[in-house]
Amino acid sequence: MRQAGRWDPEFNRIRAGKSFYAFSEDVERAVQASLCPRRFGVDGIILFYDITTLPVAMGLPFALQPSRGPVPDRPIRSRADLDRLNSIPDLESYRHIRQLLRCVREELKAELPVIVFAGAPFTVATYCIGTGKDIAQARRFAAEQPVVWRGLLDRLGEATSHFLRTLIADGADLYQLFDSWAGELTPEEYADWALPYHRNIFFSAPGVPRILFVKECPYLDQIVSSGAEVISLGSRHDLAAVRAQHPHLVLQGNVDADLLRSGTPEQVAEATRRCLRAGGGQRHILNLNHGVDKATPVANFEAFVRADRAGLES
Ligand code: CP3
């Protein structure tokens, strides 16, 4: 979960000079971008695309605006807009992702697992209506246009299951479902707009381990009942306590991404060792509470991976 390798000078070199979506559709460069973290000694490779790649394939073009993130050319506003979104997108519309998966797998020769992902309907819907993580605005849209809002969630849910099933059949080793902004919802909204869609997607796209990420993971009981095998934990959770409470789960996290951005390599190494101890060496994926911030020094990322390697050897 490095949401934009922009902290990595090698990524920025490969990325230079193309718009985000053109870059992502350039399979050769997307392969290079996906493989960038390999040289640091990570344990898995996440493919390079975006959670908005799927709505683009469904018929809603996006552009990446530097201060705002992904913005649709024509935000969804009406039933007619909704009807233009294809809930079972043609395989041709995301052929570049399938090719990317094939090429990265060929390159890795099973040396590392390949992780694919999708945004969950709620978080992707916020981008489709043009509000992004401004939850108050998304809430207003849902109140004013309840039928369009529900229809949008349903269509995204169907397309997501379909997309993930295709990538699993193509050989993806696991997937991560990102409902990044659902942590901002009330528990009632979460039970309506997030949990049922997670359950449905996990139920209808089985066969590989599934990771659920909700930023800061506030409603642990609902998150645990989603059917995901792996839960990403926020930095405020006590990893050892959650592990004791839910021994059947695999937990991912939860070193603080802010520390990676602003701390010293020694502080990062110490926090990593603490996390490894709390994770208990089993059913734990060392990760951050959110993606690597673009202002993160490379030395801190290196310290994170190095502390993990040393921890495993000692
Ligand atoms: O992280 C990786 O490099 C792997 C591929 C990946 C991207 N986006 C590529 C990307 C992944 C896993 C994502 C997930 C994603 N995208 C999420 C869920 C994870 C999270 O961060 O909570 C969300 C909410 C998005 C939506 C999105 N895409 C935003 C908000 C932005 C702008 C980020 C910013 O800080 O400006 C993007 C753009 C994006 N997606 C980039 C990349 C590499 C940066 C584009 C660039 O290269 O300029």
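We did not get these values from a lab; they are worked out from the coordinates using the rules stated. Model, not experiment: these values are computed from the prediction. A quick note on method: Cβ atoms are made from the backbone with ideal geometry, for glycine too, and the neighbour counts reach across all protein chains shown.
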Which number in (1) assigned to a loop (DSSP other than H, G, I, E, B); (2) more than 30 Å from ARG274 (Cα to Cα) marks the one condition that HIS237 misses? (2)
One residue is enough: does the range 261-280 have a residue meeting the conditions out of contact with any strand residue (DSSP E or B) (no Cβ under 9 Å at 6 or more places or on another chain), loosely packed, with under 15 Cβ neighbours inside 10 Å and under 22 Å from LEU212 (Cβ atoms)? yes
Those residues of the range 240-258 which are in contact (Cβ under 8 Å) with a residue 24 or more places away in the chain and in a helix (DSSP H, G or I) amount to ALA240, ARG243, ALA257, ASP258
Here are VAL27, VAL42, VAL114, VAL71: which of them is out of contact with any Pro (no Cβ under 6 Å at 6 or more places or on another chain), β-branched (Val, Ile, Thr) and either within 11 Å of the ligand (Cβ to nearest atom) or on the phi > 0 side of the Ramachandran plot (or both)? VAL71
Going by what's in this entry, would SER180 be described as under 30 Å from TYR219 (Cβ atoms), touching a residue at least 24 places away in the same chain (Cβ under 8 Å) and not aromatic (Phe, Trp, Tyr)? yes
Which pairs do you get when a residue that is touching a residue at least 24 places away in the same chain (Cβ under 8 Å) and within 14 Å of PHE163 (Cα to Cα), found in the range 53-76, comes within reach of a residue that is assigned to a strand (DSSP E or B) and not small (Gly, Ala, Ser), reach meaning Cβ atoms under 6 angstrom, with the pair 6+ apart or on two chains? VAL56/PHE62
Could you tell me whether SER19 is surrounded by 18 or more Cβ atoms within 10 Å (Cβ to Cβ), among the hydroxyl-bearing types (Ser, Thr, Tyr) and within 10 Å of the ligand (Cβ to nearest atom)? no
